[in-house]
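Report on the structure given below.
What follows draws every value from the coordinates through simple rules; no lab data is involved. Just so we're clear, the structure is a prediction, and the values are computed from it rather than from any experiment. Positions of Cβ are generated from backbone atoms using ideal geometry, with glycine treated the same way; all protein chains shown enter the neighbour counts.
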């Protein structure tokens with residue numbers, strides 16, 4: 001079993017964050033909706049999630065960003081999505097061995 005070098009570990013983490021951001025953006029942010037299912041602006045969606053609009057903008061970055069679990073939780077809470085369901089769908093799409 002090979003030892004993971006710090007640089008490789010950081011690269012792997014960046015890749016996971018990139019995929020997480022892309023997944024969240026595609027699933028929730030691309031067409032943000034309120035609790036009634038009506039399409040709303042990104043600013044309105046951010047308020048409903050208790051986040052800043054700039055946080056949602058970071059999710060759109062091609063390289064992603066180091067997203068805190070609290071941000072994921074805030075979005076899932078608004079969407080009435082359990083973290084278990086969220087991560088299960090994420091793993092189904094991207095696998096469990098990122099970056100392999």
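Matching the structure-derived Cα extents along the principal axes in Å against the labelled list (1) 51, 25, 19; (2) 45, 28, 22; (3) 32, 30, 26 gives the label (1).
Inter-label distance, residue 96 to residue 14: 2.7 nm, where each label sits 7 Å from its Cα along the C-beta direction. Which angle from 0 to 90°, rounded to the nearest 10, does the C-alpha axis of helix 69-79 make with the longest principal axis of the chain? Here the helix axis deviates by roughly 40 degrees.
Full extension of the chain between residue 88 and residue 27 gives 20.6 nm of extra length, using 0.36 nm per residue less the Cα-Cα distance. Between helix 6-24 and the chain there is an angle of about 30 degrees, using the helix long axis and the longest principal axis of the Cα atoms. Of the residues 73, 81, 65, which exhibits the maximal mean-square fluctuation in a Gaussian network model of the chain defined by a 10 Å Cα contact cut-off? Comparing 73, 81, 65 in the GNM, the peak value goes to 81. For the range 44-98, what class follows from the C-alpha gyration tensor (a ≥ b ≥ c being the square roots of its eigenvalues): rounded when a/c is under 1.5, otherwise prolate if a/b is larger than b/c, else oblate? Judged from the Cα gyration tensor, the range 44-98 comes out oblate (a/c at least 1.5, b/c at or above a/b).
Helix 83-94 and the long axis of the chain differ in direction by around 60°, with both axes built from C-alpha atoms.
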